[in-house]
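A short write-up of the structure that comes next.
A short reminder: the numbers here are calculations on the coordinates, not readings from a lab. Here the structure is a predicted model, which is why all the values come from computation and not from measurement. Here Cβ is always computed from backbone atoms with ideal geometry, including for glycine, and neighbour counts include all displayed protein chains.
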């Protein structure tokens, strides 16, 4: 099947199919290779109970799938993920939050530094430091430009960012 430019559309699908086939063939070949025959156990001289084959510990035969599994990170179950999120939300709800209005000063690169404003908001309420939760951005223009009756240009206005709520520690 080709598209308007004449290129094959199914090429990525074929690559995935070939890679899957190779992986399955390697896995099947790994399981189908004969294992080295073990020498027969010596005949017991005493009548000792032999463990059943089901209860005997199996020696792990590491294969391709096991090795790939070691490389992948372990994933949490959905229940663990939900529990972690619920814990984080309950900590956020219980943590002392402060409302106020502190302007974010300009950082050396010109962007607003709202961490410093959150710290000031929290320090003003008896805490050590804080992180901003809510910010408000306003555009401030000079009174002269607003009263002139024309639309103010960029040189007469500036954008201000304010921290209005912070979580404090």
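Among 132, 145, which comes first, second and so on when ranked by fewest other beta-carbon atoms within 10 Å? All intermediate terms of the calculation are to be shown ahead of the outcome.
Values: 132 22, 145 15.
Ordered from fewest to most neighbouring Cβ atoms within 10 Å, 132, 145 come out as 145, 132.
Note down the nm distance, to one decimal, between modelled labels 7 Å out along Cα→Cβ at residue 134 and at residue 75.
About 3.7 nm, to one decimal.
What ranking of 158, 139 emerges when the number of other C-beta atoms within 10 Å of each C-beta is taken as an exposure proxy, fewest first?
Values: 158 12, 139 9.
Exposure proxy ranking, most exposed first: 139, 158.
Working out 0.36 nm times the residue gap between residue 103 and residue 116, then minus their Cα-Cα distance, what length gain in nm do you get to one decimal?
3.7 nm
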